[in-house]
Amino acid sequence: MKQTLYDILKGKFLIADDAIKNWRMLLFLSFLAIIMIASSHNAESKVHQIAKLNDEVRELRTQFVDGRTELMQLKMESSVIDKMTRIGIKEPKNPPKKIIVKRSE
């Protein structure tokens, strides 16, 4: 057993008479290792891309909420009245009247 271990460490299994099957197996295992490394690299790059897109979604959601809040403040009656008084339009004393048009057919 000790001699077999030394033969493996010295690489005698690669230069022996039946070394062709050993070389085939080594090439096959090397090919599988390269595929595994490429696959893990691809998966990791996708994970980074997903994290980047999630950050972008959070940023856009924050911008949306800020815009919606600003719009709600602009639509408030007190805000509209304040802006209209600045340009010279006063608030009416009487409430508006509803006009109803009846169709005659």
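The values are calculated or read from the model by the stated rules, or taken from the named source; none is laboratory data. Everything numeric in this text was worked out from a predicted model, so none of it was measured. Note: ideal-geometry Cβ built from the backbone for every residue, glycine included; neighbour counts use all protein chains shown.
Can we say residue 79 is within 49 Å of the chain's Cα centre (by Cα) and hydroxyl-bearing (Ser, Thr, Tyr)? In short, yes.
Quick grid of which residues meet (1) within 29 Å of the chain's Cα centre (by Cα); (2) not in a helix (DSSP H, G or I); (3) not β-branched (Val, Ile, Thr):
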| residue | (1), (2), (3) |
| --- | --- |
| 42 | yes, no, yes |
| 45 | yes, no, yes |
| 49 | yes, no, yes |
| 65 | yes, no, no |
| 69 | yes, no, no |
| 88 | no, yes, yes |
| 97 | no, yes, yes |
| 103 | no, yes, yes |
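Taking the stretch 70-103 only, how many residues are among the β-branched types (Val, Ile, Thr) and surrounded by fewer than 10 Cβ atoms within 10 Å (Cβ to Cβ)?
4
Based on this model, can you work out whether residue 34 counts as part of a helix (DSSP H, G or I), β-branched (Val, Ile, Thr) and at pLDDT below 95? No, not satisfied.
When 53, 5 are screened for being part of a helix (DSSP H, G or I) and at pLDDT below 80, only 5 passes.
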